[in-house]
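In what follows, a structure is listed as structure tokens, so that the remarks can point back to it.
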Amino acid sequence: MTSDCIFCKIVEGSIDSWKIYEDANFVSFLDRTQVRDGHALVIPKSHFADIHETPDQMLGDLAITTKKVANLVKETMKSDGITILQCNGVAGLQSVFHIHFHVIPGWDNDHMNEPWEARFLDAEYMEKVHARFSN
């Protein structure tokens with residue numbers, strides 16, 4: 001735990017939260033900035049800044065817990081779908097530097113704005129991008 005991390009403070013109980021799931025290693029609570037009603041966050045109780053810092057086993061267990069929470073949110077909120085979002089680094093839209101997954105319910109004909117603008121690129125450009133992975 002780090003003393004300046006808001007999520008660590010939630011884990012230790014020094015900041016109130018609206019918990020919807022908890023076990024020995026993970027906790028899920030409603031996001032204070034609800035994108036949709038029922039928008040929850042899933043975090044490990046141990047502090048890891050992002051996906052790159054999180055050990056593989058912990059990340060796998062976090063993904064399994066996120067699925068449990070997604071099922072709980074979908075059932076409780078009677079949603080038609082679920083968006084799972086995980087951000088890393090400022091450039092990757094991360095605002096709290098304690099790894100977490102967003103679980104956001106959605107309903108048919110009630111579309112949330114995507115956090116990116118899709119680009120359909122020609123094959124020549126795609127080949128240049130792909131070549132970067134070969135080097």
So, first residue part of a strand (DSSP E or B) and acidic (Asp, Glu) in the stretch 102-118, second residue surrounded by 14 or more Cβ atoms within 10 Å (Cβ to Cβ) and at pLDDT 90 or above, Cβ within less than 9 Å, six or more apart or across chains; the pairs are Asp110/Arg36
Given the condition of a type in the set (Gly, Ala, Ser) and under 19 Å from Leu93 (Cα atoms), answer yes or no: does some residue in the stretch 17-36 qualify?
no
Checking Trp116 against (1) more than 20 Å from the chain's Cα centre (by Cα); (2) exposed (fewer than 10 other Cβ atoms within 10 Å of the Cβ); (3) among the aromatic types (Phe, Trp, Tyr), the condition it does not meet:
(1)
Which number in (1) under 30 Å from Asp4 (Cα atoms); (2) assigned to a strand (DSSP E or B); (3) touching a residue at least 24 places away in the same chain (Cβ under 8 Å) marks the one condition that Ile84 misses?
(3)
On the basis of being free of Cβ contacts under 8 Å to residues at least 12 places away in the same chain and either of a type outside the set (A, V, I, L, M, F, W, C) or out of contact with any helix residue (DSSP H, G or I) (no Cβ under 9 Å at 6 or more places or on another chain) (or both), does Gln34 make the cut?
yes
Of residues in the stretch 36-45 being crowded, with 16+ Cβ neighbours inside 10 Å and either of a type in the set (A, V, I, L, M, F, W, C) or in a loop (DSSP other than H, G, I, E, B) (or both), the one modelled with the lowest pLDDT
Arg36
How many residues are under 14 Å from Ser28 (Cβ atoms) and buried (at least 18 other Cβ atoms within 10 Å of the Cβ) if we restrict to the stretch 87-102?
4
Of all residues in the stretch 1-32, count the ones that are acidic (Asp, Glu) and over 15 Å from Val69 (Cα atoms).
3
Count of the stretch 1-24 residues which are surrounded by fewer than 19 Cβ atoms within 10 Å (Cβ to Cβ), in contact (Cβ under 8 Å) with a residue 40 or more places away in the chain and touching a Leu at 6+ places or on another chain (Cβ under 9 Å):
2
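The values are calculated or read from the model by the stated rules, or taken from the named source; none is laboratory data. Every value quoted in this text rests on a predicted model; they were computed, and no experiment measured them. We place every Cβ from the backbone using ideal geometry, glycine too, and count neighbours over all the protein chains shown.
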